[in-house]
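A short worksheet on the structure shown next.
What follows is calculated from the coordinates using simple rules that are stated; it is not laboratory data. The structure displayed is predicted, hence computed values, not measured ones. Cβ: placed from backbone, ideal geometry, glycine included. Neighbour counts: every protein chain shown.
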Amino acid sequence: MPQAPDAKAAAAPATKAMSEPKPLKSTLNLPQTAFPMKANLPANEPLRLKAWEETDLYGQLRRASAGRPRYILHDGPPYANGAIHLGHALNKTLKDFVVKTRTMAGYDAPYVPGWDCHGLPIEIKVDEQLGRKKLEMDPVAVRKACREYAQKYLDLQREQFIRMGVFGRWQKPYSTMDAEYEARIAETFFHFFENGFVYKGLKPVSWCIHDRTALAEAEVEYVQHKSPSVYVRYKLTSDPAVIDPALAGKPVYTIIWTTTPWTLPASLAVAFHPEMEYVAINTPDAVYVVAQALLSSVIVHTHLMSAKKPAEPASDADILAVFKGDKLDGTTFAHPFLDRIVAGTNATYVTADQGTGAVHTAPAHGVDDFATGKRYSLPEVQYVDDAGRQMHTERFGGGVGQPYEGLSVWKANPVIIQLLKEKGALLAASEFEHSYPHCWRCHNPVIVRATEQWFIGMDTPMQAPDGSASTFRDRALAEITRVKWDPAWGQERITNMVATRPDWCISRQRIWGVPIAVFLCRKCGEPLKDAAINKRVVDLFMKESADAWYIRTPEEILPAGTKCGCGHTDFRKEMDILDVWFESGASSHAVLDVDADTKQAAGDKDQRADLYAEGGDQHRGWFMSSLLCGIGMHNRAPYKMVATYGWTLDEQGRALSKSLGNFIDPNLVMDSLGGDIVRLWVASVDFREDVVASMPLLKRLAEEIYRKQRNTFRFLLGALREIDLKTGEERAFDPRPISEGGESVPFEQMQPIDQYILARAAELTKKIRAAYDAMEFHRVYHLLNEFLNSELSAFYLDVLKDRLYTYPVKFKSGNEYQRELYIARRSAQTAIYKITDALARLTAPILTFTADEVWQYIPGKSGSVHLTLFPEPADLALTPIVEHTAEWDGIFALRDRVLARLEELRSKKQIGKSLEAAITVLVDDDAHLQSWEKYERALPELFNVSRVVVSKVNKAQTEIVPELEVKPTVENKCDRCWRHVPDVGQDTRYPSVCHRCVQALDAVDFPPYAATV
Ligand SMILES: [Zn+2]
Ligand SMILES: [Zn+2]
Ligand SMILES: [Zn+2]
């Protein structure tokens, strides 16, 4: 009597136990894996991070990449205040995708993260924290408080970025407040300064009276705002007959329209377009000159009455004369309430869009106004101080005791309107809502105000690299064309911005930053321009940080005997600091030029970084300042390519914000769903557009997409292990080739279906790598899911179960059939092994944690998946099976028909499982017979039926080639594999199983048993 294979069965009562199918079931090779179904990413990812840190994975990557071609993604520094938000997560994950994919494609792709640490937002926060205490503190102490504040958030954000699985030189990032970086900023500034790009001048700049500082272009945002709207008449004081003889001897006025009455005390001119038609219209009390195109609008707004019919509004019938605006050039007017002559001028920026065509001009309060003032040599009148108060009216001929003296510009508005009314100059006053510039830091409306500032002149002459004459602006425009912009509209955007931008105002009246470290002569006010002295300052900053500027006296820094050009020897330090955009723009010098980890190979001529990648709002910000600093330092753009991503919005297209309740904290997502879920979300969106995020969407990603991916990996890994029936031990597939004692089957000896799936995997590899190269991560996401779902889950892994579970795991020498079956099973495992290996590597940049976990469970792998390169298509399929494509198309078409017929039989209750069906494929000639016979073995597997016979019939009998016969089987069922085949019960040792299963049992010396009754 044979012994039952397991002890429990042996202990059971005699004959029954011997014939029970349970021991038979134990000989099936069901998937074995310790790879957990439940990911538990929030708990497991931090453990993996710790292991990466302990083994210095990033250091290993760097060493492994040494000598490969370089790929430099230069990190745009986030601002070090506050925790990270989803925009940061998108930013850093995209960069990490790029760095990881370039690394695995065989590049040396270092990543040096950076932080932007100086600037107003931090200084304001520190101001708030210090309160009144700040007044008693010296600048060095304030800077120290700012430094601590920035460091705190740098550390916090660093921890959060690491948690996301972003690889980089985290222990030594760059930071704009490092002493060396501060020194490099100064060095960059001196380079501009010494080469004549920098000037100090009075200029109207956007000014925040709340923060008392000048604002850069990028620091101004436009918001709807209510302003007063006033029509004011200016009396002509020159001879009206010069304009037109019809006006001789008449009282003539022009009318200006403004929404900033507070600028009227600085009104020095009225501008008219030289080419535009103006009319003189007669009213009961006076003649008014306005643009013809705006006449009816002016009549409506100011209620001008007709001179001819005084009870009716003025009309064309009241026009006394029509003339071009150039007739008004050189005229003079009286200021409406000050004792001042106002010049009639011409300017081409005057439009007929709104207003009157006569533009009130205050050179201190408008860029165009300033230009007109310069052309007409008007005095630079500035009444408004840095807090926005109307001051010193007596100094510029305003007389003493103006009612608005000392008031802020906003409070001065109604007072000035009242004054206009009293003087009889006000024709109309109302309110006007329009888009108005606001400070992006404090969100208060800003004003335009002329102040003394440092500038970089956009039209400074310079040479192009070929030696031809150019200007700074033209060089910038030329360099833009050498850069690849993705998406392409970025090029036009930045081109327009560079073409039209004013000179770069680089000074700020604050403390937390890098000073414009220039010495000014106390006698003549001129700056010292001496390269040797500048070098001393750079060296000093390098040693002591920019704090040195606040601690050291000029005498301590300057060499003894330093003299100004005027002969004077007493200097003061300029205490303005540099615009923070200059600081981050200088990273191309402070980081790319000097940090060994970010330099291109020594042979690379222009040393540009391969990629800058930030939000689409940075064309005005960091992309621009980097471009300008790059040209200033090296006469070239610092980048070869610029990629931009869109805004993160909710499903209704609204920005994510705490007040709307749709805010998503990426840290909470990582703590509840996992870092890989954040990464998977980033991969799922096309970053070039605005991207959508919501908590329900992220949860769906985790519960549907990620779980599906993980389960597929789990099945693949399970198929690579089996239980040794003799020892009861689990053993792993040995990926070495069979010829070397392992279990991998050479491609040409594999089953056709395994060759087919490997060819598909090779194709997938090619497509995914191309998508990675093009930074089309959403395409990778879709390709991957499509492959996992359609090719693997729904097809290959499903049809494979019979072979994997029931075929012999060993063979006895001399038993050819057994060996053949054994090889067929190893063929499937070989395919699965190669696919799992390839998928782990292809997904590693996105599923950074999970792919590494999978890697750990693949037999024969050690170390981290991140230390490997991407697979090549040729690693998977010897030759892509293009030549089989037509045949496989035919097979799949046939499969669809078979599945439909099986469903039909099932619904008629003629069969239960599809294994109860018998199928005959009828072909009509020898050629077809041959090609189908090749797949005869594969067809039952493909159709999930017990048996498929291919046979030849006469042409006349067939309609579709091949014709199909699908019938319920008449054969007995094998107790082990459940197939219905003719050879069940032929072997007396194993009476209830088929011939194929006999091989599986014989191979492991399964004890013989008696037939059941
Ligand atoms: Zn502000
Ligand atoms: Zn001097
Ligand atoms: Zn069987």
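Taking amide H positions as placed 1.01 Å from N in the peptide plane, with prolines and chain starts having none, which residues 5 or more places from residue 507, or on another chain, fall under 5 Å of its amide H?
Distant-sequence amide H within range of residue 507: 454, 579.
I need the phi-derived Karplus couplings for segment 288-301: 6.51 cos²θ - 1.76 cosθ + 1.60, θ = phi - 60°, integer Hz, Gly and Pro marked x.
Once θ is set to phi - 60°, the couplings for segment 288-301 become 10, 9, 9, 5, 4, 5, 10, 4, 5, 4, 5, 4, 5, 6 Hz.
Among the listed pairs 25/801; 172/529; 599/834; 38/766; 144/543, give every one whose C-alpha distance is greater than 25 Å. Write out the running numbers ahead of the final one.
Numbers: 25/801 14 Å; 172/529 35 Å; 599/834 37 Å; 38/766 31 Å; 144/543 16 Å.
Exceeds cut-off: 172/529; 599/834; 38/766.
As I understand it, the dipole of the chain uses +1 on the Cβ of Lys and Arg and -1 on the Cβ of Asp and Glu, about the Cα centre. Which of 567, 137, 970 lies farthest toward its positive end?
Among 567, 137, 970, the one farthest towards the positive end of the dipole of the chain is 970.
Non-local amide H neighbours of residue 648 (under 5 Å, H modeled in plane, Pro and chain starts lacking H): which ones?
Placed amide hydrogens put 691 under 5 Å from residue 648.
Okay, helix-only estimate at 222 nm for the chain: each DSSP H run of n ≥ 4 adds -39500 (n - 2.57), divide by all residues, round to 500 deg cm²/dmol; what do you get? Don't skip to the end; give the middle numbers.
Details: 35 runs with 372 residues, N = 1013.
Here the helix-only value at 222 nm equals -11000 deg cm²/dmol.
Considering amide H positions built from the backbone, and no H for Pro or chain starts, which residues 5 or more places from residue 734, or on another chain, come under 5 Å of its amide H?
743
Place the peptides 468-474, 111-117 in order of packing, highest mean first, counting for every residue the other Cβ atoms within 10 Å and averaging per peptide. Write out the running numbers ahead of the final one.
Details: 468-474: 15.7, 111-117: 24.4.
Ranked from most to least packed, the peptides come out as 111-117, 468-474.
At a Förster distance of 56 Å, what's the computed FRET efficiency of residue 226 paired with residue 159, Cβ-Cβ distance as r, to 0.05?
Values: r = 44 Å, r/R0 = 0.79.
About 0.80, to the nearest 0.05.
Using the count of nearby Cβ atoms within 10 Å as a rough guide to exposure, how do 55, 712 rank from fewest to most? Before the final figure, lay out the partial values.
On the way: 55 13, 712 19.
With the fewest neighbours first, 55, 712 line up as 55, 712.
Using a ≥ b ≥ c from the Cα gyration tensor of the chain (square roots of the eigenvalues), is it rounded, prolate or oblate, where a/c under 1.5 gives rounded and otherwise the larger of a/b and b/c decides, a/b for prolate? Please list the in-between numbers first.
Values: a/c = 3.31, a/b = 2.26, b/c = 1.47.
Judged from the Cα gyration tensor, the chain comes out prolate (a/c at least 1.5, a/b above b/c).
Compute the angle between helix 409-422 and the longest alpha-carbon principal axis of the chain, please, reported from 0 to 90 degrees and rounded to the nearest 10.
Helix 409-422 and the main axis of the chain meet at about 40 degrees.
In nm, to one decimal, how far is the residue 51 label point from the residue 740 one, both placed 7 Å along Cα→Cβ?
My value for the distance between the label points is 2.5 nm.
Rounded, prolate or oblate, given the Cα gyration tensor of segment 193-346, with a/c below 1.5 counting as rounded?
Working: a/c = 2.54, a/b = 1.83, b/c = 1.39.
Since a/c reaches 1.5 and a/b is larger than b/c, the shape of segment 193-346 is classed as prolate.
Measure nothing fancy, just the Cα-based angle from helix 139-163's long axis to the longest principal axis of the chain, in degrees from 0 to 90, nearest 10.
So the inclination is approximately 20 degrees.
So how strong a dipole does the chain carry about its Cα centre when Lys and Arg Cβ are +1 and Asp and Glu Cβ are -1, to the nearest 20 debye? Don't skip to the answer; put the middle values down first.
On the way: 120 positive and 132 negative charges, 335 e Å.
The dipole of the chain has a size of about 1600 debye.
Subtracting the Cα-Cα distance from 0.36 nm times the residue separation, let me have the gained length for residue 552 to residue 878 in nm, one decimal.
Result: 110.2 nm gained on full extension.
Give me the percent relative contact order of the chain, please, defined on Cα pairs under 8 angstrom at least 6 residues apart.
On the way: 1841 pairs, mean separation 139.9, N = 1013.
Rounded, it is 14 percent for the chain.
List 431, 887 from most exposed to least, where exposure is judged by having the fewest other Cβ atoms within 10 Å.
431, 887
Of 633, 691, 359, whose Cα points farthest to the positive end of the dipole of the chain (charges on the beta-carbon: +1 Lys, Arg; -1 Asp, Glu; origin at the Cα centre)?
Checked the options; the winner is 691.
Once each part is reduced to its C-alpha centroid, what is the distance from segment 649-714 to segment 558-603 in angstrom?
Taking the Cα centre of each part, segment 649-714 and segment 558-603 sit 43 Å apart.
Under a crude label model (7 Å from the Cα following the beta-carbon direction), how far is residue 730 from residue 695 in nanometres?
That separation, rounded to one decimal, is 3.7 nm.
With a Förster radius of 41 Å, plug the Cβ-Cβ distance of residue 320 and residue 478 into 1/(1 + (r/R0)^6) and report the FRET value to the nearest 0.05.
0.15
Cα axis of helix 120-130 to longest principal axis of the chain: angle in degrees, 0 to 90, nearest 10?
Roughly 80 degrees, rounded to the nearest 10.
Going highest first, how would you order 965-971, 159-165 by mean Cβ packing within 10 Å?
Values: 965-971: 14.7, 159-165: 20.9.
Going by the mean number of other Cβ atoms within 10 Å, highest first, we get 159-165, 965-971.
Please work out whether segment 779-824 counts as rounded, prolate or oblate from its C-alpha gyration tensor, where a ≥ b ≥ c are the square roots of the eigenvalues and a/c under 1.5 means rounded, while otherwise a/b larger than b/c means prolate and anything else oblate?
prolate
Please report the antiparallel percentage of DSSP beta bridges with both residues in the chain, rounded to the nearest 5.
75
Report the one residue of 317, 213, 792 whose Cα lies farthest in the direction of the positive end of the charge dipole of the chain (charges on C-beta: Lys and Arg +1, Asp and Glu -1; origin at the Cα centre).
Value: 792.
Please compute the modelled spin-label separation between residue 353 and residue 421, points set 7 Å along Cα→Cβ, answer in nm with one decimal.
Result: 3.1 nm between the two label points.
If you average the C-alpha positions of segment 411-481 and of segment 206-266 separately, how far apart do those two centres end up, in angstrom?
So the separation of the two Cα centres works out to 15 Å.
Length gain on complete extension for the stretch residue 793 to residue 429, per 0.36 nm per residue less the alpha carbon to alpha carbon distance? List each step's numbers first, then the result.
Numbers: separation 364, 0.36 × 364 = 131.04 nm, distance 7.35 nm.
Result: 123.7 nm gained on full extension.
Apply the Karplus curve 6.51 cos²θ - 1.76 cosθ + 1.60, θ = phi - 60°, to the phi angles in segment 487-493 and return the couplings in whole Hz, x for Gly and Pro.
With the stated coefficients, segment 487-493 comes to x, 5, 5, x, 5, 5, 4 Hz.
Give me the extension gain from residue 172 to residue 934: residue separation times 0.36 nm, minus the current Cα-Cα distance, reported in nm with one decimal. Write out the running numbers ahead of the final one.
Numbers: separation 762, 0.36 × 762 = 274.32 nm, distance 6.13 nm.
The residue 172-residue 934 span can extend by a further 268.2 nm.
Which of the peptides 852-862, 43-53 is most tightly packed, and how do the rest follow, judged by the mean count of other Cβ atoms within 10 Å per residue?
For the peptides 852-862, 43-53, the packing ranking is 852-862, 43-53.
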